[in-house]
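Written below as structure tokens is the structure these notes are about.
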Amino acid sequence: MFSSNANPNQIDAITTTEGPLLIIAGPGSGKTFTLVERIVYLITKKNTPPESLFVATFTDKAAQELITRISTRLVEIGSRFNLNEMYIGTFHSICLRILEENREFTRLKRNFTMMDQFDQNYFLFQRLNEYLEIPNIEAVIGQRYIGYWRRAQNLLKWLNTVSEEALEVTDLLAAEHESIRVLGECYDLYQKQLEEANALDFSTIQYEALNLLRNNPEILQSLQEKISYFMVDEYQDTNTIQELILMLLAGKHPNLCVVGDDDQGLYRFRGAT
């Protein structure tokens, strides 16, 4: 069941549910409408349970709009469905949910701290002296005449790049270039500091989720068996680690629908490709 307002191309996108699907959707093409109708179609025609749906987008606002519009459509057609059981939200919020559901398999303890970018910058600022003991640290954070806060900002940028690109610390430490080896030492130290503080930052949410899935085959298998349909909005804004997580989860059910328009990429500065 889908809206009679759907045009032929939208109907194709709504009803093509099995296997991989790429939808190119420019501004004003009814992308959100189509995504909502596709979810409603999976619920009503495919009898898909809520925990079998994974729907990711890139902002809290967009995720909330999706949830509101799906709820409204389900009420219109008289369908009862618990959206709280769906894996729906931003990539970060979905990864955080997976971590919280499996916290005993992570480094996280109860009541862990979630840091925003300012918190993360201050966290590094407070601990900068530990990084200054690393030989040739200037290659990563800048020369000593730069203020501590600015050097902490520089360090934050490089640490987040390692997380978002899912780079292996062992590879960094074995790199030919000294500056990359220094970055590896910085990241290794940062992970130890996060563990001591029982803290997570925005970028390491995904890094921890990826490690959880890679290091615990039984958790990965459970999620692969549970989630049958994947949909990602604004796919042009995904980065390396998000794609790695997505491909791992979709391994047994490659019913992966991605929606986007390369001309609308907003996050290339953050590694989106």
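Read-outs throughout are calculated quantities, based only on the coordinates presented, and are distinct from any laboratory measurement. This one's a predicted model, so the numbers in the text were calculated from it and none came from an experiment. Methodologically, a virtual Cβ is constructed for each residue, glycine included, from the backbone with ideal geometry; neighbour enumeration extends over all protein chains shown.
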(request) State, to one decimal in nm, how far the label point of residue 117 lies from the label point of residue 171, with both points 7 Å from Cα in the Cβ direction. (result) 2.6 nm
(request) Please turn the phi angles of the stretch 30-41 into ³J(HN,Hα) values with the Karplus equation 6.51 cos²θ - 1.76 cosθ + 1.60 (θ = phi - 60°), one per residue in order, whole Hz, x for glycine and proline. (result) x, 4, 5, 4, 5, 5, 4, 5, 5, 5, 4, 4
(request) Give the calculated FRET efficiency between residue 46 and residue 222 to the nearest 0.05, with a Förster radius of 22 Å applied to their Cβ-Cβ distance. (result) 0.55
(message) Going by amide H atoms built from the backbone, whose H comes under 5 Å of the H on residue 166, apart from near neighbours?
(response) 241
(message) With the cut-off at 1.5 for a/c, could you classify the stretch 61-122 from its C-alpha gyration tensor as rounded, prolate or oblate?
(response) oblate
(message) Could you compute the net charge surrounding residue 142? Neighbours are other residues with a C-beta less than 13 Å from the C-beta of residue 142; K and R count +1, D and E count -1.
(response) +3
(message) Taking the Kirkwood radius as the inverse of the mean 1/r across Cα pairs, report the Rg/Rh of the stretch 14-163.
(response) 1.14
(request) Based on a Kirkwood Rh over C-alpha pairs, give the Stokes-Einstein translational diffusion coefficient of the chain at 4 °C and viscosity 1.567 mPa s in µm²/s. (result) 64 µm²/s
(request) Grab the other residues whose beta carbon is less than 15 angstrom from that of residue 68, score K and R as +1, D and E as -1, and report the net. (result) -2
(message) Explain nothing, just the number: relative contact order of the chain, from Cα pairs under 8 Å at least 6 residues apart, as a whole percent.
(response) 25 percent
(request) Return the long-range amide H neighbours of residue 30 (sequence gap of 5 or more, or a different chain), with a cut-off of under 5 Å between placed amide H atoms. (result) none
(request) Compute the projected area of the convex hull of the Cα atoms of the stretch 118-273, averaged over all viewing directions, and report it in nm² to one decimal place. (result) 10.8 nm²
(message) I need the calculated FRET efficiency for the pair residue 154 and residue 60, taking r as the beta carbon distance and R₀ as 35 Å, to the nearest 0.05.
(response) 0.80
(request) Before anything else, pin down the relative contact order of the stretch 163-218: Cα pairs under 8 Å, at least 6 apart, normalised by residue count, whole percent. (result) 38 percent
(request) Read phi for every residue in the stretch 118-127 and hand back ³J(HN,Hα) as whole Hz from Karplus 6.51 cos²θ - 1.76 cosθ + 1.60, θ = phi - 60°, with x for Gly and Pro. (result) 5, 4, 5, 4, 5, 4, 6, 4, 5, 10
(request) Within the stretch 176-204, which residues have the backbone N less than 16 Å from the label spot 7 Å out from residue 248 along Cα→beta-carbon, could you tell me? (result) 203-204
(message) Using only DSSP helix segments of four residues or longer, with each worth -39500 (n - 2.57), what per-residue ellipticity at 222 nm results for the chain after dividing by its residue count and rounding to 500?
(response) -16000 deg cm²/dmol
